[in-house]
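Q: Pasting a structure here, questions to come.
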Amino acid sequence: MRTNNSIKNNWSVIKLGLKDRYPQLSKDDLTYVHGYENEFLHNLELKLGMNREQLTTILYSLIPSESMQKV
């Protein structure tokens, strides 16, 4: 099951994948701050020209499969 905890718990891996795919993202763009998830995701949506569904699909695709099996 997909949850925001999956994103939070795997952020270091997701961040590397995003940086590889979207080199225009800055370190600040990729800094995950607990309690500001919606603002953070909205900023990424704007920077990448995506909606939330598109963005979350990409984020989850970057989570290693063995991590998803633990959820």
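The values are calculated or read from the model by the stated rules, or taken from the named source; none is laboratory data. Everything numeric in this text was worked out from a predicted model, so none of it was measured. Neighbour counts run over all protein chains shown; Cβ positions are idealised from the backbone, glycine included.
Q: Give segment 8-27 a look and list any residue that's assigned to a helix (DSSP H, G or I) and surrounded by 14 or more Cβ atoms within 10 Å (Cβ to Cβ), or say none.
A: Result: N9, W11, I14, K15, G17, L18, K19.
Q: Looking at this structure, is L30 under 9 Å from the mean Cα position of the chain (by Cα), at pLDDT 90 or above and outside any helix (DSSP H, G or I)?
A: Against the criterion (under 9 Å from the mean Cα position of the chain (by Cα), at pLDDT 90 or above and outside any helix (DSSP H, G or I)), L30 qualifies.
Q: Would you point out the residue of segment 33-57, among those that are hydroxyl-bearing (S, T, Y) and assigned to a helix (DSSP H, G or I), that is farthest from the chain's Cα centre (by Cα)?
A: Ranking the qualifying residues of segment 33-57, first place goes to T57.
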